[in-house]
Structure formats: structure tokens, C-alpha cells
Amino acid sequence: MDHILEKKIRQHATEIFGSEPLQGHRDRFAAKLQATGDDKKPIRIRKIIGYLTVAAIFAGSIFFASDFFKPDYATEEETLSEVQTYYAMQLQEKIDGIEQLLQRVDEQDRANLISDIESMQEEADESIRNSDDKNIELIVITYSSKIESLQHIHNILLANY
């Protein structure tokens, strides 16, 4: 197929390439180019304006949505502090209950239990202070395990003394 087209072009090459275009051909061609160029510019500008409008709406909606869903850090800090205070008070109540029962225990066991309880309390406070991510779950887990241990000690003291 390409050979046939190529053969015809070679046969008529002098007619195609050797002659000058008719009078006014260039003027008509330039007018057509100019007419098509004018029509396309407003379309391109309209497209650009449309794209910019869509992008601005998208950026604005993201800005407002991120502002809407932004966490309130003051409230989160207050909640964290309240939870820590609550569990610290529960831990202290268990310690006070055990200290009342320790009056019945002999002095050597009492000293060992008091030092263990104090180290348990310091360990709970220190693990929360040293954690990088201060979150409520860490506070609950830390204090709950200590409170359960103190409750177990309290139950043993009640049963034996």
C-alpha cells in the first residue's frame, strides 16, 4: 500500500512540488490559520479559569475540613490530667487501706511491705512521666495493674491478720 502511494508521488512530483500555488492561496491559508487561532484562545483561557476555580474550591474545602477536624489539644490535656488524677487517687486509697491493716503486721514484714508499696507507687508515676506518648490507655493500664496488685495485698492482709 505504501509502495503504491510512494509511486504516485514520484510520478507526479513535478506537478506537486515544482509549481507555485495559485494566486491568493497563501492569503487564504493565513486567514484560515488566523480564524482558527482566535477561536482557540478563549477556549484555552476558559479551561484554565475552570481548572483554577476547581483547584481553589478543592483547596478551600480541604482547609476548612482540616480546621473542622483539628483536635482540641486543651481539652485532650485536661482529660489526660483528670484521668491521671483519678487513678492516682484510687491508688492512694488502696495504699491508705493497706497502711491501716499494716498496724497488725510485725515490724519486719511491715517495713518490707511499705517499701514495696512505695516503690510500686513511684514506678507508676515514673513510667507515666517518662513515656513519650502521654495517652489515656497508658495511664489506665499502668495504674490498673498497680491497683489490682494492691487489692490482692489488701485481701491477703485481711485474710491473715
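Laboratory data are not the source of any read-out in this text; all were calculated from the coordinates shown. From a predicted model like this one, the values you see are computed outputs, not experimental measurements. Neighbour counts run over all protein chains shown; Cβ positions are idealised from the backbone, glycine included.
Give me Met120, Met89 sorted ascending by neighbouring Cβ count inside 10 Å, so fewest comes first.
So the residues, fewest neighbours to most, are Met89, Met120.
Quick one: pull the percentage of alpha-carbon pairs in segment 73-160 with a separation above 19 Å.
42 percent
What FRET efficiency would be calculated for the residue pair Glu107, Val140, taking the C-beta separation as r and a Förster radius of 35 Å, to the nearest 0.05?
Values: r = 36 Å, r/R0 = 1.02.
For R0 = 35 Å, the calculated efficiency reads 0.50.
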